[in-house]
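Novice: Shown below is the structure under consideration.
Read-outs: derived from the displayed coordinates by stated rules, not from any lab. The structure presented is a predicted model; accordingly, all values stated were derived computationally and were not measured. Ideal geometry is used to build each Cβ from the backbone, glycine not excepted, and the neighbour counts take in all protein chains shown.
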Amino acid sequence: MNKAIPHLIDREAAASLIEPLTDLVIRAGAAILAVNRAAMKVDGKTDGSPVTEADLAADRIIGEGLARLAPEIPSLSEERVSLAKLPYEDSFFLIDPLDGTKEFVAGRDEFTVNLALVTRGAPLLGIVAAPALGLIWRGIVGRGAERLTLGSGAPRVEPIRTRLCPPRGQPWTVAVSRSHGDKRSEAFIADRPGAVRSELGSAVKFGRVAEGLVDIYPRLSPTCEWDVAAGHAVVTAAGGRITDSKGAALHFGAGRADFIIPEFIAWGDPRAVEQIP
């Protein structure tokens, strides 16, 4: 893009970026799908999580694309954490080039490419693409959210919104991780008798909350900022809210050790936050 893009990106500037950023994420998704999962090499990171050639190919496409689109805006990627320059006080891109690598390695389709634009600690723009499902959820906080269905022609674009809490006496639908269970999240779900579990992988869970298929997504165990930021923006843009277990806002880019988010809850209906004891 041009050098007129400011270091502090607001909604107007974000709106001018969302289409080229979406194209970039689509390209990254295509690179992932081109990898032969049966023959690829899987390495382990120092934290024990897997990384594949698909992660690296998607990261390379996104990194090079952002350098062209918005060279003044710093970026932080899961695959390039060593290059982080803290703190990120204005705007920066936060990327997980392949969220759900375990799902990808296992041959399942619920993996995503996550790209967020964070301004002053809060996700402003988010794109969550599920290339194997042919779906993209995207949004700009204050401007709404959309679901794109990819096919042979132009994507079908539909506005999406979160849904209200179930009426009293009716069960909540709760997104739960297929690969990452934890006792605190289980206790949270148990406090909602009759909750219907929707077992999903990666940031697809945020997309399902944003489009109103799921009521809530609790993750009361540590995860990383790049796992959360894009979905945070999409759910918020769709009318939801993301908090910690006490109802407080999350903050990104401040330099928390290992970029850890200790916990979060994605609420489809922001009024439900008032039910926190």
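Novice: Once you have the Cα-Cα distance between residue 182 and residue 106, take 0.36 nm times their residue separation minus that, and quote the gain in nm to one decimal.
Specialist: Additional length available on full extension: 25.3 nm.
Novice: Filter the cross-link list 41/102; 102/205; 102/183 down to pairs whose alpha-carbon distance in this structure exceeds 19 Å.
Specialist: Violating the 19 Å Cα-Cα cut-off are 102/183.
Novice: Using the Karplus equation 6.51 cos²θ - 1.76 cosθ + 1.60 (θ = phi - 60°), what ³J(HN,Hα) coupling, rounded to whole Hz, does each residue of segment 86-91 give in order, writing x for Gly and Pro?
Specialist: Result, ordered by residue: 8, x, 9, 9, 9, 10 Hz.
Novice: Also: Can you work out ³J(HN,Hα) from phi for every residue in segment 76-83, in order, using Karplus 6.51 cos²θ - 1.76 cosθ + 1.60 and θ = phi - 60°, giving whole Hz and x for Gly and Pro?
Specialist: Running phi through 6.51 cos²θ - 1.76 cosθ + 1.60 with θ = phi - 60° gives 10, 10, 3, 8, 9, 4, 4, 8 Hz.
Novice: Pairs of alpha-carbon atoms within less than 8 angstrom and 6+ residues apart define the contacts here; what relative contact order does the chain have, in percent?
Specialist: RCO, the chain: 17 percent.
Novice: Would you please name the GluC sites (Glu not before Pro) within segment 20-114 that are DSSP coil residues with at most 16 other C-beta atoms within 10 Å of their C-beta?
Specialist: Passing both the DSSP loop test and the Cβ count: 72, 89.
Novice: Mind jotting down the three principal axis lengths of segment 11-160 based on Cα atoms? Whole angstrom, largest first.
Specialist: In descending order, the Cα extents are 44, 40, 23 Å.
Novice: Could you state the angle between the C-alpha long axis of helix 225-237 and the longest principal axis of the C-alpha atoms of the chain, as a value from 0 to 90 degrees rounded to the nearest 10?
Specialist: Helix 225-237 and the main axis of the chain meet at about 70 degrees.
Novice: A follow-up question, please. Could you work out the Rg to Rh ratio of segment 173-275, with Rh taken as the Kirkwood radius (inverse of the mean 1/r over all Cα pairs)?
Specialist: Rg/Rh for segment 173-275 comes to 0.93.
Novice: Shifting gears a bit: So for segment 98-210, what percent of the C-alpha to C-alpha distances run longer than 20 Å?
Specialist: Counting pairs separated by more than 20 Å, the tail of P(r) holds 51 percent.
Novice: Take the eigenvalues of the Cα gyration tensor for the chain, scale each by 5, and report the square roots as semi-axes in whole Å, largest first.
Specialist: Sorted largest first and rounded, they come to 27, 21, 19 Å.
Novice: Also: Could you give each residue of segment 23-29 its phi-based ³J(HN,Hα) in whole Hz, using Karplus coefficients 6.51, -1.76, 1.60 with θ = phi - 60°, and x for Gly or Pro?
Specialist: After applying 6.51 cos²θ - 1.76 cosθ + 1.60, I find 4, 5, 5, 4, 5, 5, x Hz.
Novice: Can you sort 7, 232 from fewest to most other Cβ atoms within 10 Å of each residue's own Cβ?
Specialist: In order of increasing Cβ crowding within 10 Å: 7, 232.
Novice: Can you list residues whose amide H is under 5 Å from residue 264's amide H, if they're 5+ apart or on another chain and H is modeled 1.01 Å from N?
Specialist: Here the answer is 219, 220, 221, since their amide H atoms fall under 5 Å of that of residue 264.
Novice: Could you give the angle, 0 to 90 degrees to the nearest 10, between helix 53-69's Cα long axis and the longest principal axis of the Cα atoms of the chain?
Specialist: 70
Novice: Can you sort 189, 95 by how many other beta carbons sit within 10 Å, fewest first?
Specialist: Going from least to most buried by this count: 189, 95.
Novice: Give the residues of segment 209-227 whose amide nitrogen is closer than 17 Å to a point set 7 Å from the Cα of residue 244 in the direction of its Cβ.
Specialist: Flagged as within label range: 218-226.
Novice: Quick one: putting +1 on the C-beta of Lys and Arg, -1 on the C-beta of Asp and Glu, what dipole do you get for the chain around its Cα centre, in Debye to the nearest 20?
Specialist: That gives the chain a dipole magnitude of about 500 debye.
Novice: Can I ask one more? Could you work out the relative contact order of segment 11-160, using alpha carbon pairs under 8 angstrom and six or more residues apart, expressed as a whole percent?
Specialist: Rounded, it is 19 percent for segment 11-160.
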